[in-house]
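Step one of this worksheet: look at the structure below.
The values are calculated or read from the model by the stated rules, or taken from the named source; none is laboratory data. Quick caveat, the model's predicted, so the values are computed rather than measured. Note: ideal-geometry Cβ built from the backbone for every residue, glycine included; neighbour counts use all protein chains shown.
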Amino acid sequence: MRIAIVGAGLAGLSLARILHVHGIGACVYERDPSPHARSQGGTLDLHPESGQYALVAAGLAEQFYALARSEGEEHKIFSPSGDLLVHRVPDATGRRPEIDRTDLRDLLIGSLPAAAIHWGAQVVAVEDGAAGGWQLSLADGTRSECDLLVGADGGSSLLRARLTDVAPSYLSSYAQMSIPDVDRTHPELARLVGHGSLWALGHNQNLTAQRESSGLVRVSAMVRSTGPWRPAGRSEVLQRYADWSPSLTALVQAADDPAVAREIRVTPPGMGWSSHPSLTLVGDAAHLMPPVGEGANQALRDAADLAAEVIANPDDPAGAIARYETQMRARIGPIERDSAKMEKLILSATALVDMVRFFTRPAIREPSGAATS
Ligand SMILES: Cc1cc2nc3c(=O)[nH]c(=O)nc-3n(C[C@H](O)[C@H](O)[C@H](O)COP(=O)(O)OP(=O)(O)OC[C@H]3O[C@@H](n4cnc5c(N)ncnc54)[C@H](O)[C@@H]3O)c2cc1C
């Protein structure tokens, strides 16, 4: 069976890797010209039942734990006036260690034969191929055929449109900045952020900072707005945070200009499609959720579950796809609902009070991450 995977993000790469471990080859088509052509963003905490589960299935658990940082679980919550209200330091279990996205992606890329990933290979169209398969057209004019096609092509998925008319809708905006080498260049900000992440929560807007293993701090200013907020640079970000404590806005002052404006989009919870015998979706292509710590984890779990079905049923790809999609929807439903609630919590008029209450309640399940990468 010829398997094509569109997208070399975490979902596509982990799917290819798990299949490879079981002797099943797949071709990954990635539009980026090379692995480091663009920044992959900040750090991720991988959860035992999803992200870490997939890395075990990929035979990469040991390498993952060697790269991960349990101290990265430290997090602090500040008020806009600069008061530290919550300070969590990782416990001895380190159940959700942080890993730099670049390190994780490099680990997956390095675990595949070089020929498995086609870089600079943007898929621009997919058409019905022979015997129920697919023909892919690439931007450089080349074509290729496959029997089983997997869309791991992220939030703006091209392949999603083959299965459903539903498109992602706008939710919120953020400006992304970074402070390189923070320990040397801004030791006071290095102490403020600590080893993990900092969230400062205001009315319908927040400021977050997250440390990477290299000492780079990613700073993100996120706002709820009816339409996209596209600040031209740091000074416009600072205007929006003018009544915040200078101890916090110092993070924006210290960051490299220009700030990169980005938008958060989501697919509606419960988005489904009629199962197709030779095409399915994984990761953000299948369920684009607010960035509250689940997207990458679930993308990895999708890959592990789809791979398990294909490995167990090599002669029945249609059945493998149908079973994967049924399991995936049952798993994602509650996570989509929790993520939507958490997104409202961190970006609302009462975000600070709600989050402090959330983190100071005894014996509760913690939210899994902040929108800082
Ligand atoms: C600000 C922010 C913070 C986040 N924080 C967290 C977090 O803390 N924890 C967490 O679990 N998740 C987090 N997420 C979510 C997480 O980043 C995504 O869910 C995850 O990266 C999805 O992986 P993916 O492989 O499905 O898609 P992607 O990582 O988007 O990969 C898709 C790949 O497909 C390629 N591609 C797209 N179209 C084509 C095409 N036509 N042809 C060829 N290649 C193509 C792209 O170039 C890309 O490499 C966050 C997201 C945001 C925006």
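Under the condition of being away from the ligand (no atom under 14 Å from the Cβ) and touching a residue at least 24 places away in the same chain (Cβ under 8 Å), which residue from the range 138-166 is surrounded by the most Cβ atoms within 10 Å (Cβ to Cβ)?
Of everything passing the filter in the range 138-166, Leu148 is surrounded by the most Cβ atoms within 10 Å (Cβ to Cβ).
Any chance the range 356-367 includes a residue that's at pLDDT below 95, aliphatic (A, V, I, L, M), assigned to a helix (DSSP H, G or I) and away from the ligand (no atom under 16 Å from the Cβ)?
yes
Could you pull out the residue among Ala318, Ala285, Ala304, Ala308 that is within 10 Å of the ligand (Cβ to nearest atom) and either buried (at least 23 other Cβ atoms within 10 Å of the Cβ) or closer than 20 Å to Leu19 by Cβ (or both)?
Ala285
So which residues in the range 289-328 are in contact with a Ser or Thr (Cβ under 7 Å, 6 or more places away or on another chain) and closer than 30 Å to Asn206 by Cβ?
Met289, Pro290, Val292, Gly293, Glu294, Asn297, Gln298, Leu300, Arg301, listed by residue number.
Does Leu306 qualify as being among the aliphatic types (A, V, I, L, M), closer than 19 Å to Val166 by Cβ, in contact with a helix residue (DSSP H, G or I) (Cβ under 8 Å, 6 or more places away or on another chain) and modelled with pLDDT of 95 or more?
So Leu306 fails the test.
Within the range 1-45, which residues are modelled with pLDDT of 95 or more, assigned to a loop (DSSP other than H, G, I, E, B) and either at positive phi or surrounded by 21 or more Cβ atoms within 10 Å (Cβ to Cβ) (or both)?
Gly7, Ala8, Gly9, Gly23, Ala26, Glu30
Suppose we filter Ile24, Ile18 for residues that are β-branched (Val, Ile, Thr) and within 16 Å of the ligand (Cβ to nearest atom); which single one remains?
Ile18
Working only within the range 40-72, note down all residues that are closer than 30 Å to Thr249 by Cα and within 12 Å of the ligand (Cβ to nearest atom).
Gln40, Gly41, Gly42, Thr43, Leu44, Asp45, Leu46, Gly72, listed by residue number.
Filter the helices (runs of 4 or more DSSP H) completely within the range 171-246 down to those with at least 2 residues that are modelled with pLDDT under 95 and more than 21 Å from the chain's Cα centre (by Cα).
Because the criterion is at least 2 residues that are modelled with pLDDT under 95 and more than 21 Å from the chain's Cα centre (by Cα), the helices (runs of 4 or more DSSP H) in the range 171-246 that meet it are 234-240.
Which residue is farthest from His203 (Cα to Cα), if the candidates are limited to the range 247-258 and must be in contact (Cβ under 8 Å) with a residue 60 or more places away in the chain and part of a helix (DSSP H, G or I)?
Ala254
Would you confirm, using the coordinates I've provided, whether Ala161 is outside any strand (DSSP E or B) and either within 25 Å of the chain's Cα centre (by Cα) or not small (Gly, Ala, Ser) (or both)?
yes
Answer yes if at least one residue in the range 127-137 is surrounded by 14 or more Cβ atoms within 10 Å (Cβ to Cβ) and under 25 Å from the mean Cα position of the chain (by Cα), and no otherwise.
No, there is no match, as no residue in the range 127-137 is surrounded by 14 or more Cβ atoms within 10 Å (Cβ to Cβ) and under 25 Å from the mean Cα position of the chain (by Cα).
Does the range 20-41 contain at least one residue that is in contact (Cβ under 8 Å) with a residue 60 or more places away in the chain, touching a Lys or Arg at 6+ places or on another chain (Cβ under 6 Å) and under 25 Å from Ile346 (Cα atoms)?
yes
Go through the range 212-242 and count every residue that is more than 15 Å from the ligand (Cβ to nearest atom), closer than 21 Å to Glu343 by Cα and of a type in the set (S, T, N, Q).
Total meeting the criteria: 2.
If we scan the range 322-343, do we find a residue that is within 16 Å of the ligand (Cβ to nearest atom), in contact (Cβ under 8 Å) with a residue 60 or more places away in the chain and in contact with a helix residue (DSSP H, G or I) (Cβ under 8 Å, 6 or more places away or on another chain)?
No; the residues of the range 322-343 include none that is within 16 Å of the ligand (Cβ to nearest atom), in contact (Cβ under 8 Å) with a residue 60 or more places away in the chain and in contact with a helix residue (DSSP H, G or I) (Cβ under 8 Å, 6 or more places away or on another chain).
Counting only residues that are over 17 Å from the mean Cα position of the chain (by Cα) and surrounded by 19 or more Cβ atoms within 10 Å (Cβ to Cβ), which one in the range 46-63 is farthest from Ala11 (Cα to Cα)?
The qualifying residue farthest from Ala11 (Cα to Cα) is Leu60.
Among the candidates Ala254, Ala209, which residue alone is within 16 Å of the ligand (Cβ to nearest atom) and farther than 30 Å from Gln135 by Cα?
Among Ala254, Ala209, only Ala209 is within 16 Å of the ligand (Cβ to nearest atom) and farther than 30 Å from Gln135 by Cα.
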